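The values are calculated or read from the model by the stated rules, or taken from the named source; none is laboratory data. Source: prediction; values computed, not measured. When we count neighbours, we look across all protein chains shown, and the Cβ atoms used for this are built from the backbone with ideal geometry, even at glycine. Just the protein is used for accessible areas: all its heavy atoms, side chains included, with ligands, DNA and RNA removed. Shrake-Rupley method; radii C 1.70, N 1.55, O 1.52, S 1.80 Å.
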Amino acid sequence: MQNSVFHWQRYLCLTLSFLFLGLVLLVPLFSIFYYGLQAGWHIFVESLQEVEARNAILLSVMVIAIVLPLNLFFGLMMAWLLANFDFKGKALLGALIDLPLAISPVVAGLMFVLLFGVNGLFGGWLIDHGIEVIFALPSIILTTLFVTFPLVVKSLLPTLKTLGNQEEQAGLTLGASGWTIFFKITLPKIKWALLYGVILANARALGEFGAVSVVSGNIRNLTNTIPLHIEILYNEYQFTAAFACASLLAAMALFTLLAQHGIVYWQKRKAVALSQN
């Protein structure tokens, strides 16, 4: 009797879960592709080949190309520091890393405006020296970096804490240099977790809207990333072009999701193979 009750509850939960995900997630997602391709494939391609669309895509790629190496370096450094060392202020550093995940992206954008805007803390000095930050590429890079760097740290920390540093200590005892220990011991252990964090950070950077919209100024062909370009197209009732660009972002998100699951699947297969040996 008890098993039958649990059996009924399980199928009820499964049904409600799939209904909820279907209505909230799958239907809106498929509608983006439907309306993006509704006018035909040639219109879809033409929408992505327009000058403003190409510039928005190019700017998004440029931002990712700059932000991603910075995320890799600082994310790896902070994760390694938090996982292997005890020091004063460690709890504070961990809390500060979590801060961008708790703050609204719009608030994050406003913080940079207050720092580097015309009336900001450093705005006057920047203007006097002819340096453009707000409404230019540097502000987009700074805000994108702010909202994405915790993702690499959060992906690496559990792996580094679980694996420990015994192998690194052994290499140090044998006289290996710091770079040799990193590239020969540490990096191979964390490569999948690092790749997972990079994929997450890349997806967040590509789709970031709130923080970038505050600091970019929405200048056509100059400071509009793909999400900002989609908003402009939609507000101007260019729905086909807007849905075409949105379909591109959605396709990239799906590719990111597949890559994430591929990494998890590969890790499980590798763990099973090691356990069998």
_Relative contact order (percent, whole number), the stretch 102-149, Cα cutoff 8 Å, 6+ residue spacing_ = 34
*asked:* Could you work out what % of the accessible surface of the stretch 161-277 is carbon and sulfur, using a 1.4 angstrom probe and leaving DNA, RNA and ligands out of the count?
replied: 64
_Size of charge dipole - the stretch 158-277 - debye, nearest 20, with Cβ of Lys, Arg +1 and Asp, Glu -1, no other charges_ = 500
*From the Cα gyration tensor of the stretch 129-181, with a ≥ b ≥ c the square roots of its eigenvalues, which class applies: rounded if a/c is under 1.5, or else prolate if a/b is larger than b/c, or else oblate?*
oblate
*Would you kindly state how much longer the chain becomes between Leu254 and Asp86 on full extension, computed as 0.36 nm times their sequence separation minus their alpha carbon distance, in nm to one decimal?*
56.6 nm
*Would you work out the relative contact order for the stretch 195-250, in percent, from Cα pairs under 8 angstrom that are 6 or more residues apart?*
28
*Just need the relative contact order of the stretch 124-277 here, percent rounded to a whole number, with Cα pairs under 8 Å and 6+ apart.*
29
*Taking θ as phi - 60°, what are the ³J(HN,Hα) couplings along the stretch 36-53 by the Karplus curve (6.51, -1.76, 1.60), each to the nearest whole Hz, with x for Gly and Pro?*
x, 9, 4, 7, x, 5, 5, 5, 4, 5, 4, 5, 7, 9, 5, 4, 5, 5
*Whole-angstrom gap from the stretch 205-243 to the stretch 114-137, using each part's C-alpha centre*: 23
*Can you pull out the trypsin sites (Lys or Arg not before Pro) in the stretch 1-95 that DSSP calls coil and that have at most 14 other Cβ atoms within 10 Å?*
Lys88
*Just check the chain against the gyration tensor rule for me: Cα atoms, a ≥ b ≥ c as the square roots of the eigenvalues, rounded for a/c under 1.5, and otherwise prolate or oblate depending on whether a/b exceeds b/c.*
oblate
*Hey, can you rank 141-147, 203-209, 185-191 by average C-beta count inside 10 Å, highest first?*
141-147, 203-209, 185-191
*Quick one: grab the alpha carbon gyration tensor of the stretch 19-87, order the square roots of its eigenvalues as a ≥ b ≥ c, and give me rounded if a/c is under 1.5, else prolate or oblate depending on whether a/b is larger than b/c.*
oblate
*Looking at this model, which pairs from Lys88/Lys191; Lys88/Lys161; Lys161/Lys268 are more than 21 angstrom apart at the alpha-carbon?*
Lys88/Lys191
*Convert each backbone phi in the stretch 91-102 into a coupling constant with the Karplus relation 6.51 cos²θ - 1.76 cosθ + 1.60 (shift: θ = phi - 60°), then list the ³J(HN,Hα) values in order as whole Hz, x for Gly and Pro.*
5, 5, 4, x, 5, 5, 5, 6, 4, x, 6, 8
*asked:* Give me a comma-separated list of calculated 3J(HN,Hα) values for the stretch 214-221, in order, Karplus coefficients 6.51, -1.76, 1.60 applied at θ = phi - 60°, integers in Hz, x for any Gly or Pro.
replied: 6, 9, 7, x, 6, 7, 4, 6
*Once both labels are modelled 7 Å past Cα along the beta-carbon direction, what's the Glu50-Ile131 spacing in nm?*
3.6
*Hey, if we sort Thr256, Thr180 by accessible area with the 1.4 Å probe, largest down, what's the order?*
Thr180, Thr256
_√(5λ) per eigenvalue of the Cα gyration tensor, the stretch 99-162, largest first, Å_ = 30, 12, 9
